[in-house]
Every structure is written in structure tokens, then in C-alpha cells.
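Step one of this worksheet: look at the structure below.
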Amino acid sequence: HATADAATVRAQYLAGASTEGNVDGYLDELGDDTSTTATFVALKAEIENWRWSGVPFYIRTGKRLPEKLSQIIIHFKPAPHYIFDPDQKHLANNKLIIRLQPDEGMALKILTKDQGLDKGMRLRQGPLELTFSETFATDRIPDAYERLLWEVMKGNQYLFVRRDEVEFAWRWVDQVIQNWK
């Protein structure tokens, strides 16, 4: 069990520059220099059961980040014995990226050996990518909220979580916040 300090990071954004020019920090925007509200949170969570034992889940969220996106990245474990160029060992990380928004799609980033007799055992990372807007260019793809509202109007509830799931999620988040205090 990691402590809240060891397994979480929280912060507030400061004044700086963005593509729109100079921007105020959170406390400046709020007009209250005593607020401790986090505008960025990152945490490492673990599920204590036989299936997920030893598998870390990293969750990050925040305001005024360089990019607005929602995605799930699954990092695959590297092979136990690395036989390629030792200078490239840091690349040995295949990953599956599931983009929820914007530009929904999936990409599998995999390492392959550079082709050619003169390349030796050099690797390169390349994607196998499916971007819904490109693949289904002739079809209009509704955004997530539009689809959710459409399912509500049709009376379908399969995209919604149950009340007990929401309550459990809040109990979990409340424990994290209590540990910060």
C-alpha cells in the first residue's frame, strides 16, 4: 500500500504563456490566494486481486494542459531478455492507445526491426492506426455527448453507470482527498 503522498501528485497551474498569449495562474483568475483546489491530479492506483496484482493504473487529469484529450494507454511489458541494440532499450515499450476524444480511434505502437542487411539489430517504432474520422470519412461520427443524449431519448441505459457504481467511485475519490488532508 503506497501512501497518498507517494501515489499521488496534485498541483495548481501558474501564470504562463499559451497559444493565446500570456495567461493568469489559477489563484490570479480566482482572486483568492488561499485556495487549495487542485487543477492537476495524477495518481497511481492498484487493484488487489489475482488478475491485476502488480499492474499499476496511472490516472492523470487537469486544466490548462498542453493538449485537450482523453485516452487510455496500455503499456505492454517488455520481453524479459532484450536482444537488440542496447542504445535502444528505452524504446522497448509496445503500447495500445485508445483515443476517446478528440478524434476517436486506436493505435498500436509496436517496435519492428529496421529492414535491410546494413541495419543490423536496429529497431524503430511504428504505428498501426485506426482513426475513425479518416476510416469512416463518408459517415458523420457523432461526438460522445451527442451519442449519449441520443441514447437517452431512445430510452437506452447501456452507456450509463448504475447508481451504486457512481457511489463507489465517489467513496474511492473521497478516500484519496481525505488522505491528502
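Figure legend. Inter-residue proximity from the stretch 33-55: first residues in contact (Cβ under 8 Å) with a residue 60 or more places away in the chain, second residues open to solvent by less than 90 Å² (accessible area, probe 1.4 Å) and outside any strand (DSSP E or B), beta-carbon distance below 8 Å, spacing 6+ or different chains. Indicated pairs: LEU43/ALA7; LEU43/VAL176. Of the listed requirements (1) surrounded by fewer than 13 Cβ atoms within 10 Å (Cβ to Cβ); (2) on the phi > 0 side of the Ramachandran plot; (3) touching a strand residue (DSSP E or B) at 6+ places or on another chain (Cβ under 8 Å), GLY21 misses just one: (3). Residues in the stretch 139-176 that are open to solvent by 100 Å² or more (accessible area, probe 1.4 Å), within 22 Å of GLN101 (Cα to Cα) and not in a loop (DSSP other than H, G, I, E, B): TYR145, ARG147, LEU149, TRP150. In the set (1) in contact with an Asp or Glu (Cβ under 8 Å, 6 or more places away or on another chain); (2) modelled with pLDDT of 70 or more; (3) more than 25 Å from ILE73 (Cβ to Cβ), LEU149 fails one condition alone, (1).
Scanning the stretch 28-44 for residues that are open to solvent by 50 Å² or more (accessible area, probe 1.4 Å) and either at pLDDT 90 or above or on the phi < 0 side of the Ramachandran plot (or both) yields ASP28, GLU29, LEU30, ASP32, ASP33, THR34, THR36, THR37, PHE40, LYS44. When the strands (runs of 3 or more DSSP E) confined to the stretch 45-121 are screened for residues that are touching a Phe, Trp or Tyr at 6+ places or on another chain (Cβ under 8 Å), more than 30 Å from ASN179 (Cα to Cα) and at pLDDT below 70, those reaching at least 1 such residues are found at 105-113.
The values are calculated or read from the model by the stated rules, or taken from the named source; none is laboratory data. Because the structure is predicted, anything quoted here is derived from the model rather than measured. Methodologically, a virtual Cβ is constructed for each residue, glycine included, from the backbone with ideal geometry; neighbour enumeration extends over all protein chains shown. Keep in mind that these areas ignore ligands, DNA and RNA; they rest on the heavy atoms of the full protein, side chains included. Shrake-Rupley method; radii C 1.70, N 1.55, O 1.52, S 1.80 Å.
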